[in-house]
Amino acid sequence: MSFTKARVMVREEKERKRRGVVIACRVMEPELNQVLAEGGEAVEILYIDQALHRTPAKLLDQLQEKIDEVAPAASRIVLGYGLCSNGVVGVTARQQGLWMPRCHDCIALFLGSPSRYQDVFREKPGTYYLTPGWVAEKKDPLGVLEEYVPRYGRETAQWVIEEELKHYTHIALINTGVEVMEHLRARAMENATFLKKQFEEISGSLDYFRELLHGPYTEEKFLHLQPGEKFTQEMFF
């Protein structure tokens, strides 16, 4: 075998081993794992801790670190994040570019598409959404309340939570069909009772998650950064 042919074979073998990489918030882990179990193209998923949209600078740092880590070996990189309090603003694509969902936050992903999110929002604009992952990890309002108590005291912490959510009229739990819902539903209803909001449970979908892992990455649902390009808020709008 010639040296040139051997180099070609090595390069082709490396290309075969390259795979798509999704960098996602851990709140999506049950849904993405379900889609992964359905089969199809091999995709690697790297998870980042929940609730980092509350500290956007930290979210940006962790996203960029993961992107730079996987860039040399990934066939493509897709982010499992929306704008997320502008935590993705400034993120930079590397040699293979970068795909991002065209949505303000992860709720559109759990509902199945940006258009479904808009429809639901128009119907009940004062709705605070809970996903199974948020409730399971106690990142819901009651969980945040407990985080605030050591800092502010219970009375002030409760006032802060009530102020943050005072413009909402409903709390809606999104049922994506991948979790046992009884205890999550009870916890979500407890949130609604505590905050004096109306509770409802709405159906979710795995469709947007399927596209996140396998495509197609249509312009309607995804933004595409070219290699070396940095994301700005203007691109989203």
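Just so you know, all these numbers are worked out from the coordinates, no wet-lab data involved. Small disclaimer: the values here were computed from a predicted structure and weren't measured. No Cβ is skipped: glycine too gets one built from the backbone with ideal geometry, and neighbour counts run over all protein chains shown.
In the chain, the longest principal axis of the Cα atoms and the axis of helix 182-195 are about 50 degrees apart.
Each principal axis of the Cα cloud of the chain was evaluated for its coordinate range; sorted largest first, these ranges are 76, 34, 32 Å. Loop-located trypsin sites (Lys or Arg not before Pro) in the range 190-237 (DSSP state other than H, G, I, E, B) with a sparse environment of at most 14 neighbouring Cβ atoms within 10 Å: Lys196.
Given the C-alpha centroids of the range 166-201 and the range 138-155, what is the distance between them in whole angstrom? With the range 166-201 and the range 138-155 each reduced to a Cα centre, they are spaced 18 Å.
In the distance distribution for the range 136-237, Cα-Cα pairs more than 20 Å apart total 58 percent.
Helix 141-152 axis versus longest C-alpha principal axis of the chain: approximately 80°, rounded to the nearest ten. Between Ile23, Ile161, Ile77, the residue with the greatest mean-square fluctuation in the GNM of the chain (Cα pairs under 10 Å linked by springs) is Ile161. Residues in the range 226-237 carry Karplus couplings, in order, of 6, x, x, 7, 9, 6, 10, 4, 4, 4, 5, 8 Hz; the curve used is 6.51 cos²θ - 1.76 cosθ + 1.60 with θ = phi - 60°, and Gly or Pro positions show x. Summing Cβ point charges (Lys, Arg +1; Asp, Glu -1) relative to the Cα centre of the chain gives a dipole of roughly 660 debye. Work out the charge dipole of the range 114-203 with +1 on the Cβ of Lys and Arg and -1 on the Cβ of Asp and Glu about the Cα centre, then indicate which of Gly177, Pro125, Tyr152 is farthest towards its positive end. So the residue furthest toward the plus end is Pro125. Put simply, when 100-109, 133-142 are sorted by average Cβ atoms within 10 angstrom per residue, most first, you get 100-109, 133-142. Once the Cβ-Cβ distance of Gln158 and Ala37 is raised to the sixth power relative to R0 = 35 Å, the FRET efficiency obtained is 0.30.
This model, with +1 at the C-beta of Lys and Arg and -1 at the C-beta of Asp and Glu, gives the range 114-203 a dipole about its Cα centre of some 140 debye.
Listed by Cβ neighbour count within 10 Å, with the fewest neighbours leading, Thr176, Thr127, Thr169 appear as Thr169, Thr127, Thr176.
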